[in-house]
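Notes for the one structure printed next.
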Amino acid sequence: MRFPLKLNVSMTTYLAKMAWQKQEHFPLVLMLEPLHKCNLACKGCGRIHEYADCMDKMLSVDECLAEARKCGAPVVSVSGGEPLLHPSIDEIVKGLLDMGRHVYLCTNGLKLSEYVERNKPHPHLYLNVHLDGMAERHDVLANRPGVFRAATDAIWMAKKKGFSVTTNTTVFKSTRIDELRSLFAHLASLKVDGFLVSPGYQYNGLSKEDFLSRQEVHAKFEEVNGLTEQYRFFSTPLYLDFLRGKKQYKCAPWGTVTRNPQGWKAPCYLITDAHYDDYDTFMHSVDWDYYSSGEDPRCSQCMMHSGFEPAVVLALKGNWKDIWTMFKWNIH
């Protein structure tokens, strides 16, 4: 099974509860950013520009756990910034796991070996390492030599100790499919559990030089799709079909909500129109229908997994063909 049985049960139970309560807008994933600070300045990252004036701020352990409890999403993606720079990251992760959450601890890998050495695996914990290519390309995108080696050495250590590990790869205009094939082959040799992929496109004032338009995403991911039979992808087949232009979905920006030291980030992971201190105020203040419609010009090229993977899940209701596709994919 691609995802653990407990995660499938947790998500199914949660969706049933939301349906019974007649909730229209609710998160499936909490993107928890305990801090903005990072030890890299990657070329494709908007966070280091957006939060340049508050890099010293961070959430406390109690704040992280209280907000996760209030949000209620069964999956928590702990990111940043670089979350492993938080002095209490072990306590945050442990608290979320004790709460019964399924945790993806997202990292660039530079401090991952230290985390692995002092912690034990947990069935609800995935270590999610960001890698955008083999050593030469990844280190250029990360603006620092040796990042790929440090990350893959840490992955090897984590797998040897029994941790579940996934990787996340952003596909840019200049990304070559043969290099992705080499990357996934190398990571598969390290026994990585699965791969997540997402298109890189222009946002928040970043240079358009290496970012993809929607049409370019369709073409690029038509090529990427050829790798799905060879390697174990965790990006769902319906989302990948969407990236190929074979399926259409409306964004579900409420499906992945972001909490960082500035507050609840509205409306979504990429666009910041406001920050809210209170979760309920946040959920009831954002015009979700407007952002879901794609009418905002900032949404025109977006195919981000944080909005569209939840849209895939929410669109399954009553669609037995797609449910069967997801079932077969999950048990493979």
Completion exercise
GNM on the chain, Cα springs under 10 Å; top mean-square fluctuation among Met303, Met31, Met99 goes to Met99
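How much length would be gained if the chain were fully extended between Gln230 and Asn39, taking 0.36 nm per residue of separation minus their Cα-Cα distance, in nm to one decimal?
Numbers: separation 191, 0.36 × 191 = 68.76 nm, distance 3.34 nm.
Full extension from Gln230 to Asn39 adds 65.4 nm.
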Handout entry: Per-residue [θ]222 nm for the chain (sum of -39500 (n - 2.57) over DSSP H runs n ≥ 4, rounded to 500)
Key = -12000 deg cm²/dmol
Fill in the blank from the handout: For 15-27, 138-150, ranked highest to lowest by mean beta-carbon neighbours within 10 Å, the order is 138-150, 15-27
Practice task
Please give the length that would be gained between Glu222 and Cys54 if that part of the chain were fully extended, namely 0.36 nm times their separation in residues minus their C-alpha to C-alpha distance (nm, one decimal).
Solution key: 56.5 nm
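What is the gain in length, in nm to one decimal, between Leu97 and Lys120 on full extension, counting 0.36 nm per residue of separation less the C-alpha to C-alpha distance?
Details: separation 23, 0.36 × 23 = 8.28 nm, distance 1.21 nm.
Answer, rounded to one decimal: 7.1 nm.
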Practice task
In whole Hz, with x marking every Gly and Pro, tabulate ³J(HN,Hα) for the stretch 70-84 from phi via Karplus 6.51 cos²θ - 1.76 cosθ + 1.60, θ = phi - 60°.
Solution key: 5, 5, x, 4, x, 10, 10, 9, 8, 9, x, x, 9, x, 6
Handout entry: Burial ranking of peptide ranges 107-117, 255-265 (average Cβ count within 10 Å, highest at the top)
Key = 255-265, 107-117
Problem - Value of relative contact order over the chain, rounded to a whole percent, pairs C-alpha under 8 Å and six or more apart - result: 17
Practice task
Can you pull the one-decimal nm distance between simple spin-label points at Tyr290 and Ala274, each 7 Å off the Cα toward Cβ?
Solution key: 0.9
Exercise for the section: For the chain, report the translational diffusion coefficient in µm²/s to the nearest whole number, using Stokes-Einstein at 25 °C, 0.890 mPa s, and a Kirkwood Rh over Cα pairs. Expected result: 122
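Values quoted throughout were computed directly from the atomic coordinates according to the rules given, and no laboratory measurement underlies them. In this text the structure is predicted, and so the values were computed from the model without any measurement. Quick reminder, even Gly has a Cβ in these numbers, built from the backbone with ideal geometry, and neighbours come from all protein chains shown.
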